[in-house]
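Accompanying notes for the structure given below.
The values are calculated or read from the model by the stated rules, or taken from the named source; none is laboratory data. Owing to the predicted nature of the structure, the values given are computational and were not obtained by experimental measurement. Quick reminder, even Gly has a Cβ in these numbers, built from the backbone with ideal geometry, and neighbours come from all protein chains shown. Only protein heavy atoms, including side chains, enter the accessible area calculation; ligands, DNA and RNA are left aside. Shrake-Rupley method; radii C 1.70, N 1.55, O 1.52, S 1.80 Å.
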Amino acid sequence: MPELEGTVERITYYNQETFFLVARLRGEDEALHTVIGNLPRFGVGEKLRLEGEWSEHPEYGRQFKVTSHELLAPQSVKGVLRYLSSGQICGVGPVTAEKIVKVFGIQALTVLENEPGRLLEIDGIGEKRAAKIAASVQERREIMRIMSFLQECGVSPGYAARIYRTYGAETKTVVRNNPYRLAEEVFGIGFRTADKIALEIGLAANSPHRIRAAILYSLKQAQDEGHTFLPVTELAGAVTGALALDDSDATQSGEWAAVMEKQLSRLAAENKIVRELHGDCEAVYLAPQYYAERYAAEKLLTLAAQSFPETEQRAAKAEAGGKLAEGQRQAVRLALSCGVLVITGGPGTGKTTTIRTLLTLFAELGLEVMLAAPTGRAAKRIHEATGQEAKTIHRLLEYSKSENGEMRFQRNETRPLRTHVLIVDEVSMVDINLFCALLKSVPGGCRLVLVGDADQLPSVGPGNVLRDIIASAALPVVRLTQLFRFSDRSAIVKSAHLVNSGQLPLLESRGGEFRFISSAEPEKMLVQILDLCSHSLPKERGKSPPADIQVLSPMRRTVLGVDNLNRHLQERLNPPAPHKPELRTGSTCFRQGDKVMQIRNNYQKEVFNGDIGTLAYINREDGEATVRFPDISGPREVTYELHELEELVPAFAVSVHKSQGSEYPVVILPVVTQHYLLLQRNLLYTAITRAKELVVLIGTRKALAIAVRNNRIEARYTRLAARLSGRL
């Protein structure tokens, strides 16, 4: 097999999802060669010995497609310097690299690997930094060994860094003994990758262990799609697909049904799943979802059974007041007299005014009230609107490390909240797991007021809490429908309600707060969006991009998808400059000044999926980035190490789903037929309601009409409504 040996000159492209790398390698003959393949992200200056095949690409010319690789030590002082300066070693940037090479020369890497204590000989390196550098060198060496092991298993070595950070020196043992643990415990690695490893190391295709893993995987996939359970027939089909079994084979026989039944029974005995038969449908839950759903129903009914006769008279007076609309008066009366109340309604219907009135009345009654919301953005909004302290649900429940080192909610049934009233805003965003945790903290005798817009998109997580409670008809619900005028928001509010009722929005408003730009070609629309963000709207409205202008999109891919929009918006709104340091992770370049979003819950850092901040500072020497997140008490800075940047993505553009709970001065939304699969009324409605001052829709009337007409709400398998109504 052909071999190629040389030094990495430049990383041309790297995709962190597929681990596809394109690099320029300077061979021993000083010629530059293009190498491609699914590989780890090598550092500039690293010396490689590659095996593979030469090919001729019609556009890019001669390329070497790599099938295996070996990392070699740099053979010159220049090579060592280039490698150390590449950013691959945490704590070592260009300046530190020069100092190290000046002292240790060609032996620098040997010293770093075998005698890291000698780093203290370098001016400016103390014990803490030396330990950090040594750990990074050791980690990279171990990762390369793991990469070789995974390569033997037929898996892209790009996963090695994540696996190693989870298991360290135990990686090989874990992978050999139970590769399916990777799918459960390593961020970004799913069942298919773990299954590929399992088959490569010799696990039988019909292994019970494999089938159980496929069952759990299929239920987790369903959970990610918003379901709390799957009917057993759908689960069987999902497992068949996960195992890549042919529908015409034994899966259609009684034998396969017996195999599934046996593994389902075993998982149920291990309390990993719960099976529940209701009518003709057997539901299969992951155990946590079942217990969360059942507890939520029981606790809501218990709270709702409470009565508060001492406030009945005050409630009657509040309802008779003349300052509130009829629906608001009814909401106030029920909140004072009932144990649980749901207040729902669209924008401009007075939900916030109702909350303010309740806060005043509860204060007059000497009752303590707590305010909460699912995200920091939503908590900040309700705090600004009411003047009263509001917390995220996680902070309210004091999510932190327990004595045994595990992260958990410190407020629960044994240590409930100390309050007479709990008001929770933006409940449409709350999934069943968080809702269960919240209810566990609510003490007996406490009123619970749930506020939200049931017509918005449902929670990202499993369940359909707000809609299920309303659909059950088991608890008091007030739907606010009367519109109130907001001078600079009336067109936005009216348009949202028009869309929600199946009508086109106000495509041109008198005050200019709602605008439609007709455009049909995605490439041209991209240029128009870039101009709106960087020139037209800042000049016309005095807005500062990207803070005041948020681009939303229904999809991640396509020309007008989130990913492509972010690449172009970053270059336009935060272009490269000498004073803007950069860090790369995979194919993503993070630049100081970027608008970024957290994409997974990190309870230790207290940042959560969907939180948006600004990349305030990059320290290339230490391989660290500091993100400034807005908070109720003011901006809060959070530090990320290089490997933690995989938790962040650019946020110049975000998906409509991720925008929930936020408000932006200006929202720009492309509406095109290329997004046909996601052109839905509730998605358009949610996007419009995110804007405070201006909405700009850009696209075609045809696509807009498709979205308005499409009132199909994707069904979620849940049984909360049935449990509340007594049908289960």
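Annotations for the structure displayed:
- Per-residue [θ]222 nm for the chain (sum of -39500 (n - 2.57) over DSSP H runs n ≥ 4, rounded to 500): -11000 deg cm²/dmol
- Under the simplified labelling scheme, the HIS209-LEU678 pair shows an inter-label distance of 3.8 nm, with each label point 7 Å from Cα along Cα→Cβ.
- Relative to the longest principal axis of the Cα atoms of the chain, the long axis of helix 326-337 lies at roughly 80 degrees.
- GLU142-GLU98 FRET efficiency (beta carbon distance; Förster radius 35 Å; 0.05 resolution): 0.85
- Restricting the stretch 375-451 to GluC sites (Glu not before Pro) that sit in a DSSP loop and have at most 10 other Cβ atoms within 10 Å of their own Cβ leaves GLU403, GLU406.
- For LYS702, the aspartates and glutamates whose Cα comes closer than 16 Å to its Cα, not counting residues fewer than 8 places off in the same chain, are GLU521.
- Ligands, DNA and RNA left out, the 1.4 Å accessible surface of the stretch 460-582 is 52% carbon and sulfur atoms.
- Here the stretch 23-107 is assigned +1 on the Cβ of each Lys and Arg and -1 on the Cβ of each Asp and Glu. Its dipole about the Cα centre then comes out at about 420 debye.
- Taking max minus min of the alpha-carbon positions on each principal axis, the chain gives extents of 90, 69, 54 Å, largest first.
- For the stretch 413-487, the list of trypsin sites (Lys or Arg not before Pro) that fall in a loop by DSSP and count at most 15 other C-beta atoms within 10 angstrom reads ARG418, ARG485.
- Accessible-area rank, largest first, for TRP256, TRP54: TRP54, TRP256, with all protein chains present and a 1.4 angstrom probe.
- Translational diffusion of the stretch 580-706, estimated by Stokes-Einstein from the Kirkwood radius over alpha carbon pairs at 37 °C in a medium of 0.692 mPa s, is 204 µm² per second.
- Note on the chain: dipole from Cβ charges, positive end direction compared against LEU203, TYR295, LEU506; the farthest Cα belongs to LEU506.
- Rounded accessible area per residue of the stretch 370-482, 1.4 Å, Å²: 37
- Gain on full extension, evaluated as 0.36 nm per residue between GLU298 and GLN221 minus their Cα-Cα distance, stands at 25.0 nm.
- Helix axis angle, 287-304 relative to the chain longest principal axis, alpha carbon, degrees: 20
- For the stretch 668-728: accessible area per residue (Å², 1.4 Å): 38
- Hits among aspartates and glutamates - C-alpha to C-alpha of LYS494 under 19 Å, sequence gap 8 or more where chains match: ASP453, ASP455, GLU508, GLU513, GLU663, GLU693
- Fully extending the segment from GLU3 to GLN482 would add 165.0 nm, taking 0.36 nm per residue of separation and subtracting the current Cα-Cα distance.
- 0 to 90° range, to nearest 10: angle between helix 191-200 axis and the chain longest Cα axis: 40
- Per residue, the convex hull spanned by the Cα atoms of the stretch 381-524 amounts to 200 cubic angstrom.
- Counting DSSP beta bridges with both ends in the chain, the antiparallel % (nearest 5): 60
- Residue separation of LEU365 and GLU406 scaled by 0.36 nm, minus their Cα-Cα distance, works out to 10.8 nm of gained length.
- Exposure ranking of GLU293, GLU170 by accessible area [1.4 Å probe, largest first]: GLU170, GLU293
- Pairs spanning more than 24 Å between alpha-carbon atoms, out of LYS323/LYS351; LYS128/LYS605; LYS605/LYS692; LYS391/LYS543; LYS65/LYS172: LYS605/LYS692; LYS391/LYS543; LYS65/LYS172.
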